[in-house]
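In what follows, a structure is listed as structure tokens, so that the remarks can point back to it.
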Amino acid sequence: MNENSLRGALAAIVGDRYVLAAASDTAPYLTDWRRQYRGSALCVVRPASTAEVSAVVRLCAEAGVAIVPQGGNTGLSGGSVPAGTQNQIVLSLSRLNRIRELDALNDTITVEAGCVLADVQRAASEADRLFAPSLAAEGSCQIGGNLSTNAGGVNVLRYGNTREQVLGLEAVLPDGRVWDGLRGLRKDNSGYDLKQLFIGAEGTLGVITAAVLKLHPKPTASATAWITVQDPQRAVELLSHLRKRCGDRLTAFELLSRSCVDAVLGHRREMRDPLPGGAWQVLVQLDDSGSSEALNELLQGALDTDLAANAVVAKNETEAKALWAIRETVPEAQFANVKHDISVAISKVPEFIERTGAALAKAYPGEPILCFGHVGDGNLHYNVGDQALLERRAEVSRVVYDEVAALHGSISAEHGLGQLKREEIARHRQPLELELMRAVKRALDPRGLMNPGKVI
């Protein structure tokens, strides 16, 4: 089947206007938001239902054309952009954007893969519930992408990764068959948990089209504090202290180096520095039922410790939002540098920061380091240098990843492997692990048509 015939057949499934072939139309789908990856595709196809996704995948399988599933295209590892390894299409899920059901008594919401995360959060809130995942890109990232990368975010400390918010899935297999696993059960011990294969697989095993997601009680009270600490060791000790004092009320615990705060203040000059000075900053949030006044008192009491050099507790929601705005602006304030998304055991975070900083200072004297992340779950975004250092990304990352490996950590905590870390992962996983992963890939996608050039 030639390109014109393929496009015609695809148009017969989804409609002419939803098969994009002109360069001006396809360009946004063929590069990532940081402009680090660019690819090519025969066309971009935008189905509106699971049935249409199934028909598109079946047609491509018959034609031997690969498929790159794409959600909001907000990833940082090139996982949703064509790798250029063979004839392929981009399958955009953005039109699968219905909320199919919200079951308040079962605390579940069933949504399609193209739903924007913020819209799911809003629907849950309107039902007096909480959908826990919260990301900087929540206004544009889509549920399918969140699931395919097992996204994390600021609330992982209390609620867990996206994987832990999923009860059931619907997915289109590489041959076009549809697996309907949309079960809202919290207990189901009837064989292999198949949904876990697709969560975190970055579209390499099939196309997630819908999911049954967990909801939680909506907090009625919140307390937020900005804290300076002497060093990362004090930050980790403060985390342990707050867990003992506040229990499950502790929702978020974010660490920022001074360089991150300075970058934000330089980028957004209308923002104010909550606590000038201090080499390391911590942003903490507690959530609970009851009153915010009581929660603020609990937080203030818990911060009466020499682990906190200084602290300010937000007096109201406006002040809390201003503190969170600093944290959420960090990614855009240091857009172009060598980025890393790593995790180590929480107790090893200070050692990682010290060891890696020393190794980088020796190899690249004077290059700035911007370190921030979700220390409550051991996940750091450890970014080095500026635009000029991007040309040496591989060697810079080798320094960072060697320190991760020495501390038995992971080179990909929440952003996925994509194209960025596909080769590097072979240095960090046991041969047997890679063999098992490839065996799963061959079993579900023997022709290698699902998101080729990614993960493994």
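The values are calculated or read from the model by the stated rules, or taken from the named source; none is laboratory data. Given the structure is predicted, the values throughout are model-derived calculations rather than measurements. A quick note on method: Cβ atoms are made from the backbone with ideal geometry, for glycine too, and the neighbour counts reach across all protein chains shown.
Here are some notes:
- Qualifying residue in region 197-219 (condition: touching a residue at least 12 places away in the same chain (Cβ under 8 Å) and over 27 Å from residue 112 (Cα atoms)): no
- All positions within region 245-263 that are out of contact with any strand residue (DSSP E or B) (no Cβ under 9 Å at 6 or more places or on another chain) and either touching a residue at least 24 places away in the same chain (Cβ under 8 Å) or closer than 13 Å to residue 227 by Cα (or both): 245
- Region 1-68 holds helices (runs of 4 or more DSSP H) entirely within its bounds, and those carrying 1 or more residues that are under 24 Å from residue 111 (Cα atoms) map to 3-14, 50-63.
Every residue, every condition in (1) modelled with pLDDT of 95 or more; (2) more than 21 Å from residue 271 (Cα to Cα), yes or no:
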position: 291; (1), (2): no, yes
position: 307; (1), (2): yes, yes
position: 312; (1), (2): yes, no
position: 319; (1), (2): yes, no
position: 334; (1), (2): no, no
position: 338; (1), (2): no, yes
position: 342; (1), (2): yes, yes
position: 346; (1), (2): yes, yes
position: 350; (1), (2): yes, yes
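- Of all the listed residues (262, 287), the sole one being buried (at least 23 other Cβ atoms within 10 Å of the Cβ) and acidic (Asp, Glu) is 287.
The rows are residues; the columns are (1) in contact with a Phe, Trp or Tyr (Cβ under 6 Å, 6 or more places away or on another chain); (2) touching a residue at least 12 places away in the same chain (Cβ under 8 Å); (3) part of a helix (DSSP H, G or I); (4) within 18 Å of residue 235 (Cβ to Cβ).
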site	(1), (2), (3), (4)
273	no, yes, no, no
276	no, no, no, no
287	no, yes, no, no
295	no, yes, yes, no
298	no, yes, yes, no
322	no, yes, yes, no
326	no, yes, yes, yes
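- Residue within region 387-402 that is in a strand (DSSP E or B), within 21 Å of the chain's Cα centre (by Cα) and not assigned by TED's automatic domain parsing to the domain that holds residue 200 present: no
- Taking residues in region 384-408 that are among the small types (Gly, Ala, Ser), and partners anywhere that are loosely packed, with under 15 Cβ neighbours inside 10 Å and at pLDDT 90 or above, the pairs with Cβ atoms closer than 8 Å and at least 6 places apart or on different chains are 405/427.
A quick yes/no check of all residues on (1) of a type outside the set (Asp, Glu); (2) farther than 18 Å from residue 208 by Cα; (3) at pLDDT below 95; (4) not assigned by TED's automatic domain parsing to the domain that holds residue 151:
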site	(1), (2), (3), (4)
50	yes, no, no, yes
76	yes, yes, yes, yes
85	yes, yes, yes, yes
92	yes, no, no, yes
104	yes, yes, no, no
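- Any chance residue 440 is crowded, with 22+ Cβ neighbours inside 10 Å and touching a residue at least 40 places away in the same chain (Cβ under 8 Å): no
- Qualifying position, being more than 24 Å from residue 418 (Cα to Cα) and among the small types (Gly, Ala, Ser), among 160, 200, 184: 184
- Residue in region 210-224 that is at positive phi, touching a Leu at 6+ places or on another chain (Cβ under 6 Å), of a type outside the set (S, T, N, Q) and not assigned by TED's automatic domain parsing to the domain that holds residue 325 present: no
- Counting the residues of region 407-456 that are of a type in the set (Val, Ile, Thr), over 17 Å from residue 342 (Cβ atoms) and either in contact with a Cys (Cβ under 9 Å, 6 or more places away or on another chain) or not in a loop (DSSP other than H, G, I, E, B) (or both) gives 1.
- Residue check, residue 137 out of contact with any Gly (no Cβ under 9 Å at 6 or more places or on another chain) and surrounded by fewer than 24 Cβ atoms within 10 Å (Cβ to Cβ): no
- Of the set (1) in contact with a helix residue (DSSP H, G or I) (Cβ under 9 Å, 6 or more places away or on another chain); (2) without any contact (Cβ under 8 Å) to a residue 24 or more places away in the chain, all apply to residue 188 but (1).
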